[in-house]
Each structure stands twice: as structure tokens, then as C-alpha cells.
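Structure, as C-alpha cells:
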Amino acid sequence: MKSTKKVTRFIALIMVMILCLFSIAGCSNTSSNNTGAGDDGSAQTAESSGNESGESADTSNDTADTAGGEKVKIGMIWYGNTDAMGGTFYSWANHAAEVLGVELVWKLGSFTTADELTDCENLISAGCQGIYFVPMDTAANLQLGNACKDAGVYWATSNRQIADADVLAACEANPYFVARVYDNSYDVCKEMVKVLADQGITKVCMLSGDPTDAMMVDRTKGFEDGCKEYNVEILATSQLVSGDASANVDSVNNFLTLYPNVEAILAVSGTAGVGEAIITALEASGRETGSVKVAAFDTFEGNQKAFEDGWLAASCGGYTSECLVSLLALISRASGNSEADAVMPLTLSPLLITSAEEMETFSQYVDNPDVQLYSDDIIKQLAGPGMGIEDYQKVLDDWSIEFVKQAVGIQ
């Protein structure tokens, strides 16, 4: 009897062990399935992260893949897409992403280094292999660059020079820094002063830029040196406030009130509502239409009418090329197509605009989100293998009104 009970207990023990083994196997299969779902969930999380403060442009073309075969994902920190320049690059970049099969995750509306750094960290967490941004000040290059280096993520910039030698040296030592493209602001600003001087203008007020922003410093100095060279007196200077129309309107009103003999206003930027604010203030000033001229770096909404009404004497624009070249160089590196061992310094000369006719051509074809000036073949070439600094610089050097006309088929 005791023997029978022992056998029964032994059989029961064996059955329990078998059931435990099946349970463990079942849990193992469930764990594997959850890993797969987690992969999908991670992709969805990264995609929704892009949609929270911008948009995620995910395409089906698989031209640009990393060495591991995964689709390249680039984080895009951009000031906005509602003005002419911002909207055009937004369109060009998304078109390039479609051509190349790249996913872009946009973060729009950051105007401080702190905000850009937060965007950068979020984009890195979302799985981006590259970060493109326009540094809001010199510190942004170091802070975002270090965040990218620590994460093993490539980065590229445009529209800003790094004037501080120590900061430049530190950035150039960063192995993940791909390209820095900046515009030749200084010479263009001097040329705009010459346009005013040729019209007999001798007294101006100036909206200057952020003294910590190398590009704005270049533009301010270009205006100042141009005024010295062409015997134009700067009556007063006020720092513009990007994105704050009322502050800029107040600055212009102060110029007009305190210096009734002012003949023109120089502005280091017309984007982010600055150009519109200047014209709004002039139109509401009671001055005769066109009696005070404006020379504004960058184009803005309503500049065509401002030229026609006689307010606007000189403008310049067309920086979208440098933005696109920087992005495509970044995509090339993130895709494993480029193995350059140093950052590429590249420059672009923007297009000077001095008449309503030139502005019409510019507005119709250059700062137009619906016009793609670079062919799909050029886009693929710039993001592909074998491209070096000379190749990218040649594309930037070819930027001209003639190039624009040829691209759209105008003789």
C-alpha cells in the first residue's frame, strides 16, 4: 500500500514537472512575440515623437539605407515653415527625402539654444542617425554637437558661420560633424548699402542682429563697413527681435520719431515676421509712400508689393541651396556613402535683388515651395557615394539667377 502511494506521488511529481516545462516554453514564446511588438511599437513611438512638434516624412523608397540595411532617419530642427524661406526648404527637404527613401522627423519653432538642445536630445532618443539644424547662437554648435558625439550621431549645420576660433576648433575636432555651410553675408550687406548710396541716401537707421550669432555679426559688420565706405551715416541702431512683430514695429516707430531725417532702414534679417513688421510700421507712419527706403537681408511675405510701392530698395535671398546641400551631405554620411575624416566648410553667396522685376522672378521660382529647382538626379548624386568638398562647393558656386532660369526652362 505504501509502495502504491509512493508510485502515485512520483507520477504526480513527474506530471507537475512536465506542466512546468510547458509553461516555461509558453512564456518563452510569448516573450519573443512581445519583442517583435516592441520593435513595431518603437517605430511608432519615434514616428509620433516627430509628429508632436513637427511632422514625420516617412517614404517607401529604400535608396538611402544605413550599412545595417535600416532606413536612414534624420532629425530636422528648423525655425518654421510658414515664411518663404522656411516653407521652401521644408518642401525641398521632404521632396529629397521622398526621392532618397529617407525619413525626416521635424522639430519646428525653436529659437533658443536650450530649445534646440531639447529637440536634439528628443530626436536622438527617437532613433535619428543624423541631426540637421541652424545654430541659434555659437553655443548651439558645441552643445548640440556634443550631444550628437556622445550618442554617435552625425550632425550638420547651415546658414551660420562659427566666428569664435576656440569653438570652431572644438567643433572641427568632433568626428561626427559632417558639414557647415554658411552664406557670404558680409559682402552682400556692403553691396546693399551701395544700392542705397547710389540712390543718394546718406542717413540710415539699423536693425542689428544678436551679437552672439556669428552670422548676424557678419551682417551687422557688413552694413557698418558699407556705410563707412560709401559715406552713409548710421543715426541709430536697435537689435531686432526674431518672431516678435510688435517689438520690431516699436523699433521702427522710434527711428521715425527720434530721427525724422532718416532716409532708409537697414535690417540684418527680414524673416520670422521682421520684414513685414518694418513695412507695416512705415505704412502706418504717415510718411509719403516710398519716402523711406528699406534694405533687408532675406526675403519676406509682401516684398513684391514693397518693391512696387517704393519702400523696398534692396533685398537678398536664396539660402535654400545651402540648407539642401548640408542636408544631403548629412544623409550621405549617415547612409555610409561618405567617409570623410573632417568637417566640410562650404559657402554660398545669396542672390541680390534690387527691383520688382527681379523680385517677381525670385518669388516665382526661388522662394516657392511648389518649385523644385534641383532635379532628382542631382539629389541622388549629392547624397550618394564619391562626393567630396569640391563637389558640394561647385553646386553652391553654380547658384545664380541663370541657374534658376535654366532649372525652370526660362531662356
Identify, please: which residue in the stretch 277-307 is of a type in the set (Val, Ile, Thr) and over 21 Å from Met85 (Cα atoms) and is, among those, surrounded by the most Cβ atoms within 10 Å (Cβ to Cβ)? Val292
Restricting the stretch 105-143 to residues that are closer than 21 Å to Ala163 by Cβ and among the acidic types (Asp, Glu), the one farthest from the chain's Cα centre (by Cα) turns out to be Asp137
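For (1) open to solvent by less than 40 Å² (accessible area, probe 1.4 Å); (2) within 16 Å of the chain's Cα centre (by Cα); (3) modelled with pLDDT under 90, each residue gets a yes or a no:
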| residue | (1), (2), (3) |
| --- | --- |
| Asn337 | no, no, no |
| Leu348 | yes, yes, no |
| Ser355 | yes, no, no |
| Pro369 | no, yes, no |
| Leu373 | yes, no, no |
| Ile389 | no, no, no |
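Does Ala46 satisfy the criteria of being at pLDDT 95 or above and in a helix (DSSP H, G or I)?
So Ala46 does not fit the description; no.
Could you tell me whether any residue of the stretch 96-103 is at pLDDT below 95 and either part of a helix (DSSP H, G or I) or over 13 Å from the mean Cα position of the chain (by Cα) (or both)? Reasoning before the result, please.
Keep residues of the stretch 96-103 that are at pLDDT below 95, which gives none.
No, every residue in the stretch 96-103 fails to be at pLDDT below 95 and either part of a helix (DSSP H, G or I) or over 13 Å from the mean Cα position of the chain (by Cα) (or both).
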Among residues belonging to the stretch 110-123 that are open to solvent by 40 Å² or more (accessible area, probe 1.4 Å) and in contact (Cβ under 8 Å) with a residue 40 or more places away in the chain, point out the one that is nearest to Val178 (Cα to Cα). Asn122
Pairs returned, first residue in the stretch 385-402 that is closer than 12 Å to Ser349 by Cα and in contact (Cβ under 8 Å) with a residue 40 or more places away in the chain, second residue that is among the charged types (D, E, K, R) and in a helix (DSSP H, G or I), beta-carbon separation under 7 angstrom, 6 or more apart or interchain, are Leu396/Glu322
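For the stretch 68-79: of the residues being open to solvent by 10 Å² or more (accessible area, probe 1.4 Å) and assigned to a loop (DSSP other than H, G, I, E, B), which is nearest to Gly243 (Cα to Cα)?
Step one: list which residues in the stretch 68-79 are open to solvent by 10 Å² or more (accessible area, probe 1.4 Å), which gives 68-71, 73, 79.
Right, trim to assigned to a loop (DSSP other than H, G, I, E, B) and you get 68-70, 79.
On the way: Gly68: 42, Gly69: 41, Glu70: 38, Tyr79: 10 Å.
Restricting to residues being open to solvent by 10 Å² or more (accessible area, probe 1.4 Å) and assigned to a loop (DSSP other than H, G, I, E, B), the top hit is Tyr79.
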Scan the stretch 308-319 and give yes if some residue there is aliphatic (A, V, I, L, M), modelled with pLDDT of 95 or more, crowded, with 17+ Cβ neighbours inside 10 Å and over 27 Å from Ser246 (Cα atoms), otherwise no. no
Considering only the stretch 259-276, I want to know if a residue exists there that is under 21 Å from Gly209 (Cβ atoms), touching a strand residue (DSSP E or B) at 6+ places or on another chain (Cβ under 9 Å) and open to solvent by 60 Å² or more (accessible area, probe 1.4 Å). yes
Among the numbered conditions (1) in contact with a strand residue (DSSP E or B) (Cβ under 8 Å, 6 or more places away or on another chain); (2) part of a helix (DSSP H, G or I), tell me where Tyr132 comes up short. (2)
Under the condition of being open to solvent by less than 50 Å² (accessible area, probe 1.4 Å) and among the polar types (S, T, N, Q), which residue from the stretch 357-367 is farthest from Asn159 (Cα to Cα)? Thr361
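Consider Gly200 carefully, then state whether it is touching a Ser or Thr at 6+ places or on another chain (Cβ under 9 Å) and closer than 30 Å to Asn254 by Cα.
Numbers: touching a Ser or Thr at 6+ places or on another chain (Cβ under 9 Å): no; closer than 30 Å to Asn254 by Cα: yes.
Criteria not met by Gly200.
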Here, helices (runs of 4 or more DSSP H) confined to the stretch 142-241 with at least 2 residues that are modelled with pLDDT under 95 and under 23 Å from Trp399 (Cα atoms) are 185-198, 214-229
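The values are calculated or read from the model by the stated rules, or taken from the named source; none is laboratory data. None of these values were measured; they are calculated from a predicted model. Backbone-built Cβ (ideal geometry, glycine too); neighbour counts: all protein chains shown. Calculation scope for accessible area: heavy atoms of the full protein, side chains included, ligands and nucleic acids excluded. Shrake-Rupley method; radii C 1.70, N 1.55, O 1.52, S 1.80 Å.
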